[in-house]
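See structure below.
The values are calculated or read from the model by the stated rules, or taken from the named source; none is laboratory data. Everything numeric here is computed off the predicted structure, so don't read it as measured data. Every residue, glycine among them, receives a Cβ derived from its backbone with ideal geometry; neighbour counts consider all protein chains shown. Side chains are part of the model used for accessible areas, which takes the heavy atoms of the whole protein and leaves out ligands, DNA and RNA. Shrake-Rupley method; radii C 1.70, N 1.55, O 1.52, S 1.80 Å.
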2 protein chains.
Amino acid sequence: MKQTAEPDGGLAPRTVTEPGPIRPFGSREQHLGALFEAVLTRGPLSRRDAARLTGLSAASVTKLVKPMISHGYLIENVREAGVPGRPQIPLQVDAGRHHAVGIKLMDGEIVGVVADLHAEVQSAHRMKYRDTSPEGVVSAIEEMTRILLERSPVDRARLLGIGVGLGGHINANTGVVVKSPFLGWRDVPLRKLLVERMNLPVVIENDVNTLAVAEQWFGAGSSFPSFALVTIGVGVGCALVLENQLWRGVSGAAGEFGHMVVDPDGPECHCGKRGCLEAVVGDTAIAATMSAAVGRRFTKVSQVVAQAHAGDPDARQVFTQAGVALGRAIAALLNLLNPPLVILSGEGMTASDLFIDALRAELDRDAFSSTATDCTVLVRPLPDETWARGAAATMLREGVLRSLSKLSDQVPA
Amino acid sequence: MKQTAEPDGGLAPRTVTEPGPIRPFGSREQHLGALFEAVLTRGPLSRRDAARLTGLSAASVTKLVKPMISHGYLIENVREAGVPGRPQIPLQVDAGRHHAVGIKLMDGEIVGVVADLHAEVQSAHRMKYRDTSPEGVVSAIEEMTRILLERSPVDRARLLGIGVGLGGHINANTGVVVKSPFLGWRDVPLRKLLVERMNLPVVIENDVNTLAVAEQWFGAGSSFPSFALVTIGVGVGCALVLENQLWRGVSGAAGEFGHMVVDPDGPECHCGKRGCLEAVVGDTAIAATMSAAVGRRFTKVSQVVAQAHAGDPDARQVFTQAGVALGRAIAALLNLLNPPLVILSGEGMTASDLFIDALRAELDRDAFSSTATDCTVLVRPLPDETWARGAAATMLREGVLRSLSKLSDQVPA
DNA sequence: CCCGTTAGTTCACTGCGTCAAGCAATAGTG
DNA sequence: CACTATTGCTTGACGCAGTGAACTAACGGG
């Protein structure tokens, strides 16, 4: 805590020097972005429908779309008639026009993809790495990028950059890894290092946040202004999108969900506390609980999952307990923020059938008033490269919105 | 939960009918509001400083301030020289120009105030009521308003309306009390009833939210774009202000903090679960825990507080435990949202010395990375009418911002 | 008394979105 | 096969809001 004081030290600043947070002018940039997002996420769209979606007038849409077409962001599809009246001209994003590399850093392993503007994966690769020093990781990412771009060659001019997602406390604005337990890092300026080495735009972001961005652009999140994304796997993570904005918190550390204490008398967590959510429902926790219950050593969740699917009551019980704990934590989230949507994702959700019922029941039990009934809960098992895809999506979004804002009306030569 | 499904049912809406969420035009209304808020919360302010604060140009400030002065919202103070150059003209809000009634509904008791635009309380009153039917409550509020306005007569034209704060799930937009446990209500259109009876603008809002609004305008919150407000007393409540906006959630139920489960094996809660935060640190919980520990019957917290202040180790222990539980819950909040400020308030904070150290220690222990160090924690013991004052502030804000938006440049006759 | 300095005001200008009118392209109809 | 109804897109005049630059106002100091 910075300080604690009884306030009301009513300071009347004689000279105010705060930098005005208000944009001096023009919402054009925002409207360009909104229009692009609408066309991207809501499939092919006529100008008229785009106008309705964004709230702009048809005239404005025409004006704004023009430079986006001439610069190659959007393309006009062939008109399709069928109803009386002039047929609509479907607009869509020229997906192949822009690409990005997405990379997910894990403990000892790294997954990378090349994705186009629809976040369709063009190629993927997976490799191990040992050297966890900043230099080593940068080299691994360089190597990965080289391999990926060899497999699916992308014109450098059309490569928006590299998005990197990793667990821990990442300050996306400064590009600094504030703290990453699995790498043992503190305050490593990863973005700077990567930009210097690769000479390409780089975005680094918490891995769960990258998933949320992908979900917001290409998934269920596109229909909801706010949602929470909870991932279950080795760890438990959470990302928040509030009013269409990724919520990062003051220091960029928002969304730390795994170390919420759900049972003060629960098992010890690697963070030093007892009964953290992660220590109850994380992968290692599942295996450990099962081992303790049966008296036989389980090292992997997959073994417990297999047992449970085979009908073993002990294994089923382990998952039921995990579901209850998870439900309790998510209920806390629901009660606190009352979001319209919660997406459950992560490797752990592939076995969601084993605990989803317990989770739901607990949600209904714990949720205050209508916070549970007013919330859609979505289960999203994770295809393997999705994390890396999310990182690519984050870079795509950043890059496209940035370049859109520089768009001028004039047609390029 | 509404539903659960694997999504990607990629619906391509042929005809889009969504109402565009974008404002058709003009940010003038927002700038008027921002300017007014700046002058209100940042004390007397010259046009120049106001410009710096809001980010507007000096020219714009001149233009926007003109109608606010001619309509009596702002007044020019006498200039004060001292430095070379033309002296500044301090602008300030004409506090006496607008008033509002603020009312806090409690179980069997009702507190009301009349407040001016600075939320200075002009007069206050407190009374009991028995009839908890909607009719009865409306009558009590009417009676209260009558008494308050007798004591401090306010020109009806200058009375912006009545703000009502009460615990429970309140939908401020529709003016409906969705659920109020202490009144035993469900879906009561309280605002409608009050408007009909009183023929005045009415705002109803969750009581903790009204406190947050007051804090945002007149308290520490005015210097932070986002903060969380946690109240401890009979119940435990929470309100969130995110990016200068009160966060209500989809259904207006956000901020339910008291029924987060902090200890699954803890004491039973009146909500039916076990180990809710409220059941561990609420007023009745404190008394109950103390009774159990000592084997003597305590019915009021004040008794336990007295014992603790007298040095009774049992009593002190009770508060220490409560501090730990509270710290744990607030740490969860910190980790999830990473806000720059948390304000601790409510009647319970008058005894904050008994548990604040335990709370702080737990925060530091539980918080991930820098979420605790980057967060200012403020203790705000509650003067008695503050709840009602908050309700008045909510009405003032609503009323003023609404009427500002109708302001035209022309000088009134 | 004039100068430097700072605050506030005026005004021509510009960017941006809108409205209204016009143009374009289809299906249906006599 | 015109002709009309219908719907989508485009164009241009308009208005609003905010700005920069020039100007006026009001002070202290030499």
Legend entry - Only one of A:Ala351, A:Ala332, A:Ala372, A:Ala393 that is at negative phi, among the small types (Gly, Ala, Ser) and under 20 Å from the mean Cα position of the chain (by Cα): A:Ala393
Inset, instruction - Would you confirm whether any residue within the range A:298-311 is over 22 Å from A:Ser345 (Cβ atoms) and either open to solvent by less than 10 Å² (accessible area, probe 1.4 Å) or of a type in the set (Asp, Glu) (or both)? - result: no
Inset, instruction - Residue by residue through the range B:380-405, note down the ones that are open to solvent by less than 10 Å² (accessible area, probe 1.4 Å) and hydrophobic (A, V, I, L, M, F, W, C). - result: B:Ala388, B:Ala391, B:Ala392, B:Ala393, B:Met395, B:Leu396, B:Val400, B:Leu404
Legend entry - Sole exception among (1) open to solvent by 10 Å² or more (accessible area, probe 1.4 Å); (2) assigned to a loop (DSSP other than H, G, I, E, B) for B:Ala288, by number: (2)
Legend entry - Residue among B:Gly221, B:Gly233 that is touching a residue at least 60 places away in the same chain (Cβ under 8 Å), away from chain A (no Cβ under 14 Å), out of contact with any Pro (no Cβ under 7 Å at 6 or more places or on another chain) and farther than 30 Å from B:Arg156 by Cα: B:Gly233
Inset, instruction - Please state which one of B:Ala38, B:Ala58, B:Ala34 is touching a helix residue (DSSP H, G or I) at 6+ places or on another chain (Cβ under 6 Å) and within 8 Å of DNA strand C (Cβ to nearest atom). - result: B:Ala58
Inset, instruction - Can you confirm whether the range A:75-88 contains a residue that is crowded, with 19+ Cβ neighbours inside 10 Å and more than 15 Å from A:Leu404 (Cα to Cα)? - result: yes
Legend entry - Residues that are of a type outside the set (A, V, I, L, M, F, W, C) and under 24 Å from A:Cys238 (Cβ atoms), drawn from the range A:278-299: A:Glu278, A:Gly282, A:Asp283, A:Thr284, A:Thr289
